[in-house]
1. So residue A:307 fits all but one of (1) assigned to a helix (DSSP H, G or I); (2) more than 8 Å from every other protein chain (Cβ to nearest Cβ); (3) surrounded by fewer than 23 Cβ atoms within 10 Å (Cβ to Cβ); what number is the exception?
2. Which members of the stretch B:142-172 meet the condition of being over 15 Å from residue B:463 (Cβ atoms), within 14 Å of chain A (Cβ to nearest Cβ) and either touching a residue at least 40 places away in the same chain (Cβ under 8 Å) or crowded, with 23+ Cβ neighbours inside 10 Å (or both)?
3. Could we say that residue A:419 is in a helix (DSSP H, G or I) and modelled with pLDDT of 90 or more here?
4. Quick one: residue A:402 ticks every box in (1) assigned to a helix (DSSP H, G or I); (2) touching a residue at least 40 places away in the same chain (Cβ under 8 Å); (3) touching a helix residue (DSSP H, G or I) at 6+ places or on another chain (Cβ under 7 Å) except a single one, so which number is it?
5. Need pairs with beta-carbon distance below 7 Å; first residue over 18 Å from residue A:20 (Cβ atoms) and within the stretch A:205-228, second surrounded by fewer than 24 Cβ atoms within 10 Å (Cβ to Cβ) and at pLDDT below 90; sequence gap 6+ or separate chains.
6. Has the stretch B:34-53 got at least one residue that is facing chain A (nearest Cβ under 8 Å), in a helix (DSSP H, G or I) and under 30 Å from residue B:399 (Cβ atoms)?
7. Look through the stretch A:24-37, keep the residues that are more than 9 Å from every other protein chain (Cβ to nearest Cβ) and crowded, with 18+ Cβ neighbours inside 10 Å, and return whichever of them is nearest to residue A:221 (Cα to Cα).
8. I need the full set of residues from the stretch B:277-291 which are more than 14 Å from every other protein chain (Cβ to nearest Cβ) and either over 17 Å from residue B:314 (Cα atoms) or not in a loop (DSSP other than H, G, I, E, B) (or both), in order please.
């Protein structure tokens, strides 16, 4: 019986021009979503290209200076005696000079499935040039390297996640809302009942055919997308496919439950559309806003103001003297009175004092902001399932590597790496040491370590599946069609 | 006609599905309004208190050389948009803080969304985007359900048999649908009007409310016309829903991508051009061939042959020459970049042809003073303030100290004599130029919706004659 009903519904779909149009539009939208998302992936990956080549070029120049010094063809300038006239050849051995000239790149690689889900990758920084200059000049508070047209940015990028999240449920609603009501209003229910068709079989057949159609388009697009980002068969790819199936099953079950309610065609249409609006347009934002802690934005707003205050306070001769004593005691742990004379480079020490103070203040503000964001994430982990669409979006962004937590982890890694890079210079200065060629080559590079995956995808996908199961059971309870 | 409207009203009141949809629309709008009213107050408070703090620190800064003070600079903060709680527009995605300093025109940084994009960008949960997107969709669906009622229930022959004219039928359906949608939106609109208050914000809100109601009416009319046309088709509603999604969610994004491809613009390209221009102009802190020209001009002006004999501080004159040259470079290069952005925006307007909602969303951000033009105005005003501030500091140093005297500091209280940055407060009349294009397109859609209804009425009359 089920097989016959499935074949019948399939034939009905094949005969409907509107259904063909729907499939055509759905497939076209999926293709556009892939093009749009992959376009962003390409821009993200290439955002650091010019910085990378500049840094490589400057490293080659410094190597040439080392080589020139070794074979006597190059004589670097003594920065303490340079009067501003003539050619300046930086001395990479001098820690102070190296602090300016030796630059490293801290780069966040594209997430495994970036291009399928844009997430917050458009809103925060992708890479930073690391020198021993103050942190705030490098980070620019996580500003994106590439700014998109404001109107386009605010509208949101249409990627595969947006396609699956918004359009597939809309297509399902359009195909399933009158799964039983149309026959009832058309007066053919008695005929179907007479043929032994009950409501649960009819709903199951329609769920399989119409839900399967949308699922096929979504999974087909996902396979193509995964192949294009080279993630077919990867764990992230499997999570993506599993999550997509769970999410669409949830919507199929939900819409079948509406269809099984006994409402009229108008009633089921209204409720289906209302659910789409409420669950997709309203509930994610409302849930997020309700869970949002205070103090997410404030630390970053005040960070730059504090930096300016420190610079002004320590700008004059009296200010810098007191600040030098404080920084030497609290951070450098050096007593210049007993340290070798070469440790105290009078011309530049004030600069390093200011840097250290603003770095400490700025990094503290950034960490405060990150802690508040972490609290937000924890709340969303705990309660985000209240909005299945929100849980699904967070799970997919985490799987794709475009979630805010990954961006945040990158910024904290950059802060830590910058501190190491800065301390490498100051430690060498206070030890009156110079960087020989070997030390130059052994300079620590930025290494990005992916943060340990949280429980988000499992919780999000698991809860969505549970919802789907519950709704499916409710929808497919055995009831005669004429009830 | 009155009888038709009365009948239609009765039928709608008895249609539980339609009433449920209208109630849902009312509830969604109320929820989004209440939720949005306090949404960004923390950000606004943070920006205001930071502005006060940095101004107090500027005033109280210890004595220092004026040009050094210009380098330490000051931060300025973007003001809140008049209807930000109702329509934040593009502002959450753009920098809210600008660091003003000597020699450099910095771009605003720290967008609230960079910290956390709490609002879903597909509509968001603020009142106006919700009214335009969710409200518009529900108005379309209600219109379709009302328009398709007779065909769906197989009552079309009966209706035709009554001899009712298509025009009357269509008009009554449209009037009743429009009334229902207006009624659903009214509670939220009234509460929003009370919270917004009067003055410029009130005028903006009145225009926004009027535009939104016209938009809802257009979609309801298009829904009625589509219902009369496609009502008998099994997947008619599906086709209507998908056409809406295409016009609101998909095609505008396709146009966005095309705009970025057809008129490419990157921050890095602009910065590179600016740096290349800087190399050929005066440089206050470095070597440049142009410095010699500035020196010769200063010597000639004061009739001396050596910098040391100048009655003013040449270092400060050079700083100001550097400042003025760089200001010109920024003006030129940023004007070029703005021209590209304008080309992108012109291409983005193609999306207005796919449905009334993209034009209405644009109108909504402009009426609320939360569009990209607001950001540009903040940027320009901040730059004007920076040039005045740095120019005054440089001139004070030039007129009161000698060349090479970097230890000179101005009198006590000098820094406190500077007025604080006053952010721009444009009125609705100032924004009018940007408002008209989308408003006219919306009116165009109003006309098209009328044509669609006339077409549906004629089709009904023809089918009645057959």
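The values are calculated or read from the model by the stated rules, or taken from the named source; none is laboratory data. The model shown is predicted, which means the values in this text are computed figures rather than measured ones. Please note: Cβ atoms are built from the backbone with ideal geometry, for glycine as well, and neighbour counts cover all protein chains shown.
1. Among (1) assigned to a helix (DSSP H, G or I); (2) more than 8 Å from every other protein chain (Cβ to nearest Cβ); (3) surrounded by fewer than 23 Cβ atoms within 10 Å (Cβ to Cβ), residue A:307 violates only (3).
2. Scanning the stretch B:142-172 gives B:142, B:143, B:144, B:145, B:146, B:149, B:152.
3. Details: in a helix (DSSP H, G or I): yes; modelled with pLDDT of 90 or more: yes.
Answer is yes for this residue.
4. Of everything listed in (1) assigned to a helix (DSSP H, G or I); (2) touching a residue at least 40 places away in the same chain (Cβ under 8 Å); (3) touching a helix residue (DSSP H, G or I) at 6+ places or on another chain (Cβ under 7 Å), residue A:402 misses just condition (1).
5. Every condition considered, the pairs that remain are A:205/A:2; A:205/A:5; A:205/A:6; A:205/A:9; A:208/A:6.
6. no
7. Kept after step one, since they are more than 9 Å from every other protein chain (Cβ to nearest Cβ), are these residues of the stretch A:24-37: A:24, A:27, A:30-31, A:34, A:37.
Narrowing further to those that are crowded, with 18+ Cβ neighbours inside 10 Å: A:30, A:34, A:37.
On the way: A:30: 6, A:34: 8, A:37: 12 Å.
Taking the candidates together, the pick is A:30.
8. At the first step, the residues of the stretch B:277-291 found to be more than 14 Å from every other protein chain (Cβ to nearest Cβ) are B:277-282, B:289-290.
Passing the criteria: B:277, B:278, B:279, B:280, B:289, B:290.
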